[in-house]
1. Report in % the part of the accessible area of segment 1-153 that belongs to carbon and sulfur, leaving out ligands and nucleic acids; probe 1.4 Å.
2. If I take every Cα pair under 8 Å that is 6 or more residues apart in segment 270-366, average their sequence separation and divide by the length, what percent do I get for the relative contact order?
3. Helix 114-127: angle to the longest alpha-carbon principal axis of the chain, degrees 0 to 90, nearest 10?
4. Per 0.36 nm of contour for each residue apart, how much would the distance between K349 and D61 grow if the chain were fully extended, relative to their Cα-Cα spacing?
5. Using Cα springs under 10 Å in a Gaussian network model of the chain, which residue among D167, D290, D192 shows the largest mean-square fluctuation?
6. Please determine, in degrees from 0 to 90 and to the nearest 10, the orientation of helix 273-285 with respect to the longest principal axis defined by the Cα atoms of the chain, where the helix direction is its Cα long axis.
7. With axes computed from alpha carbons, what is the tilt in degrees of helix 168-182 against the longest principal axis of the chain, rounded to the nearest 10 within 0 to 90?
8. Once both labels are modelled 7 Å past Cα along the beta-carbon direction, what's the F19-E46 spacing in nm?
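The values are calculated or read from the model by the stated rules, or taken from the named source; none is laboratory data. Given the structure is predicted, the values throughout are model-derived calculations rather than measurements. A quick note on method: Cβ atoms are made from the backbone with ideal geometry, for glycine too, and the neighbour counts reach across all protein chains shown. For the accessible areas, the whole protein counts, side chains as well, though only heavy atoms, and no ligand, DNA or RNA atoms are used. Shrake-Rupley method; radii C 1.70, N 1.55, O 1.52, S 1.80 Å.
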Amino acid sequence: MIYGILLAAGNGTRTQLDFNKVLHMAGTKTILELSAQTLLESNIHELIVVVRAIDITTIQDLVTGVARHTDKPITFVIGGDTRQQSVKNALDTLLESAEDIVVIHDGARPFVALDTVNQSIASAQSKGSGIACLPTTDTVVVAQDNQITTHLSRNSLVNLVTPQSFDLCKLKLAYQYQHTSSQKKDNSDTMDWSQFTDDSGIFLAAGFVPHLVPSNPQNKKVTNVNDLLGLGVFSSIGVGFDVHPLVPHRKLILGGTLIPHTQGLLGHSDADVLTHAVMDALLSANGLPDIGCQFADSDPKYKGIDSMVLLQKVKTMCHKPIAYISAVILAQQPKLSPFIPHIESTLAKALGIPSSQIKISATTTEHLGMIGQEQGIAASALVLTKQ
C-alpha cells in the first residue's frame with residue numbers, strides 16, 4: 001500500500017494573508033487543489049489530508065472535488081501545533097505492513113511534477129526513502145557575529161523539498177523515537193528536535209538513511225508574500241505620472257502634506273502632483289479613465305480643490321482592493337526625506353490601508369531639465385491591486 005499525506009494545516013501568517021495560504025488561488029484553482037491533484041494522479045493508493053479544524057469543511061469540499069474522477073479513498077486528519085505533530089497525527093491513523101510506503105508532501109507546493117512524486121515513491125520502495133531535492137545555486141557560508149568563517153562547496157549541498165517518501169514502518173519508528181525522546185523528564189536526551197523542519201531529519205536522527213531524488217525546479221513552496229506573485233494574488237497593475245510647474249505665492253503640497261518652501265505647484269486644484277500620480281495609477285489599475293477625464297481642469301467646481309478630496313472620490317470609484325503602492329517624487333528642492341513618513345501615513349489613512357502598503361521615495365534629477373532647474377516637480381506611481 002502506498003499512502004499519500006498532504007499537509008494543509010498551516011496558516012497565512014508569513015504570506016500576510018488572513019486565511020490558510022493553501023486556499024489562495026493559483027490561477028483558476030487553489031494552491032491546495034493543485035497539490036492534491038498531483039498526489040492523486042501519482043502512484044499512491046490512498047490520500048490523508050492534514051487540516052486545521054477551522055478549515056476542514058472547505059478543504060473537504062475542495063479535495064473531494066479534485067478526487068471525483070478517482071476511486072482513491074481520502075481521509076481528513078486534524079493537524080497539530082507543529083509540522084512534526086501534524087505528520088505524527090497522520091501516521092497514527094495508518095496500520096503499517098512490511099511493504100507499505102508513505103509519501104509526504106507540503107500542500108503549499110502546488111507545482112510539483114508528477115514524475116518527481118513517482119520517483120520519490122520508487123526510491124522509497126527500493127532503498128527505504130526518497131527525498132526530493134533541488135541543487136543549491138547560491139554561495140553558502142558559515143557565519144558567526146556577522147563574519148564569514150567558512151565557505152561551503154556547492155557540490156555537496158542541496159535544498160531539501162517535498163515530496164519525501166519512506167518505508168512506513170521505519171518512519172513510524174523514527175517518529176516514535178522522536179516522541180519518546182522529547183517526553184523524557186530527566187534531560188538524558190540532548191537532541192534538539194525542533195531543528196528538524198522536515199521528515200528526513202527525524203528519519204536520519206533515528207538512524208535511518210535518507211536517499212535523495214531530483215525535484216523539478218518549479219517545485220517551490222509558497223511561504224512569503226513575494227511567493228504569491230504570479231499566483232493570482234495581484235489582479236492588475238496601474239501606472240500614473242504627473243508634473244506641475246513651480247511658481248511663487250503658491251503652497252507646496254505633496255501627498256496631502258504641506259511642505260515648507262519658497263515656491264508651490266501651479267494647477268487648477270492644489271496641484272498635489274504626488275496624489276495626482278497615485279490617483280491616475282489607481283484608476284489605471286481599475287480600468288478607468290484618468291483624472292483629467294474624471295475631474296476636468298475646465299470645471300470651476302474643482303478650482304483650488306484639496307487633492308485629498310479627489311483621492312477620496314477616486315477611492316469610491318475603484319473596487320479592486322489595494323495590495324501595494326509605490327511612488328517616487330522628482331524634485332531638486334526642497335529635500336523631502338523628513339516629510340516622507342507623514343506623506344505615507346496621510347495617503348494610507350485617506351485610502352484606508354496600512355502604511356506598510358505604501359512606499360514613497362524622492363530623488364533629484366542632478367540639476368538636469370526643468371526639474372533640475374527647480375522649475376517644476378514630477379511624480380510617478382505604481383499600484384498593485386488584489387483579486
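1. Details: 3640 of 7400 Å².
That share works out to 49 percent.
2. Working: 91 pairs, mean separation 27.9, N = 97.
The value is 29 percent.
3. It is inclined by approximately 30 degrees.
4. Gain on stretching K349 to D61: 99.8 nm.
5. Fluctuation is largest for D192.
6. Between the helix axis and the principal axis of the chain, the angle is about 50 degrees.
7. Tilt of helix 168-182: around 70 degrees.
8. 3.1
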